[in-house]
Amino acid sequence: MFPILQLGPLAIQVPGLALLIGVWVGLALAEKEATRLKLNPDAVYNMAFTGLVAGVIGARLAYAARYLSIYAAEPLSLFSLNPATLAPTEGALIGLIAAFIYGQRNKMPLRPTLDALAPALAAMGIAVAAAHFASGDAFGAPARLPWSIYLWDDFRHPSQVYELVGAAGVLGLWWAMKQRRLPPGITFWAVIALSASARIFLEAFRGDSLITLGNLRAAQVWGLIVLAICLLVLKAWNQKAAASATALEDVQHP
């Protein structure tokens, strides 16, 4: 793995660099998609950026709260660039709340705005996988396979590569979906559902997962919950869109 890129006297943390590139690409894709959907690209960009900043700050503070004594002794550690010292679940929740508040205050249409944010989420999935590959985090379970890699004193599944391929697949499916005339908001929830499905499947190859119920892993439990929510929303929004289309057709052809 490649945690540090040495450029003369400058040592660059590759995982952090991968995440920064992911943010830049994700915001650019969201801005471009907003233009295609006839939304205000600046508003969508600012909404995504607000959610991102709030999410990162919230994730760091939530992580620090878990290890309060350590951060109380070294408060400057709060400004560390190490992505491993973040609480992703809490950060995602805080970021979503901040983005939602921004959207409400600026009276942004919910469903098209969600669709504009979908490629940013897909791009960030690739960035997170690349950061894991660079740092060696999210390493695979021990396995003797032709494609196994030697990491942490054992031959293992290249789980970071699996994650990278899965995230790239989600982005590719988003690209295919955007070519179709789907009801507003459907693409966003489809991307979330696909990402959750990939997490449920790929978690089985991880060697550092937290086991909760039997052989079920914590990330799989959360993935199943997120997937169930997505499927319920997709069903409800599809039914509403179909009902609206039927009502419109009845009006046009009484």
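The values are calculated or read from the model by the stated rules, or taken from the named source; none is laboratory data. All of these numbers come straight from a predicted model, not from anything done at the bench. With ideal geometry, Cβ positions are generated from the backbone for all residues, glycine too; neighbour counts draw on all protein chains shown. Quick note on the areas: whole protein, heavy atoms, side chains included, nothing else; ligands and nucleic acids left out. Shrake-Rupley method; radii C 1.70, N 1.55, O 1.52, S 1.80 Å.
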GNM of the chain, Cα pairs under 10 angstrom: of Ala64, Ala11, Ala127, the biggest fluctuation goes to Ala11
Under a 1.4 Å probe, counting only protein heavy atoms, Tyr63 has an accessible area in Å², nearest 10, of 50 Å²
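For segment 54-199, rounded, prolate or oblate, judged on the Cα gyration tensor with a ≥ b ≥ c (square roots of eigenvalues), a/c < 1.5 rounded, else prolate if a/b > b/c? All intermediate terms of the calculation are to be shown ahead of the outcome.
Details: a/c = 3.28, a/b = 1.13, b/c = 2.90.
Verdict is oblate for segment 54-199.
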Note to self, the chain gives a 222 nm [θ] from helices alone (DSSP H runs n ≥ 4, -39500 (n - 2.57) apiece, / all residues, nearest 500) of -23500 deg cm²/dmol
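Taking the Cα centre of segment 136-236 as origin, sum charge times position over the Cβ atoms of Lys and Arg (+1) and Asp and Glu (-1), and report the length of that vector in debye to the nearest 20. Provide the component values of the computation, followed by the final result.
Working: 9 positive and 6 negative charges, 118 e Å.
My answer is approximately 560 debye.
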When the charge dipole of the chain is computed with +1 at the Cβ of Lys and Arg and -1 at the Cβ of Asp and Glu, the Cα pointing farthest to the positive end, of Asn46, Tyr71, Leu232, is that of Leu232
Magnitude of the Cβ-charge dipole (Lys and Arg +1, Asp and Glu -1) of the chain about the Cα centre, nearest 20 debye, reported as 560 debye
Most fluctuating of Val191, Val161, Val44 in the GNM of the chain (C-alpha, under 10 Å) is Val161
Largest fluctuation, Glu74, Glu163, Glu203 only, Gaussian network model of the chain with Cα springs under 10 angstrom, belongs to Glu74
The lysines whose Cα lies under 24 Å from the Cα of Lys38, excluding any fewer than 8 residues away in the same chain, are Lys107, Lys178, Lys240
Looks like segment 161-203, by Cα gyration tensor root eigenvalues a ≥ b ≥ c and the a/c under 1.5 rounded cutoff (else prolate when a/b is bigger than b/c, oblate otherwise), is oblate
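In terms of the Cα gyration tensor, with a ≥ b ≥ c the square roots of its eigenvalues, is segment 21-60 rounded because a/c is under 1.5, prolate because a/b exceeds b/c, or oblate? The partial results should precede the final answer.
On the way: a/c = 4.08, a/b = 1.91, b/c = 2.13.
Here segment 21-60 falls in the oblate category.
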Expressed in square angstrom to the nearest 10, the accessible area of Lys240 with a 1.4 Å probe stands at 120 Å²
Site Ile101, offset 7 angstrom along Cα→Cβ, radius 15 Å on amide nitrogen, limited to segment 37-78, gives 47-59
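Can you tell me the dipole magnitude for segment 1-73 around its Cα centre, using point charges on the Cβ only (Lys, Arg +1; Asp, Glu -1), in Debye to the nearest 20? Don't skip to the end; give the middle numbers.
Details: 5 positive and 3 negative charges, 24 e Å.
About 120 debye.
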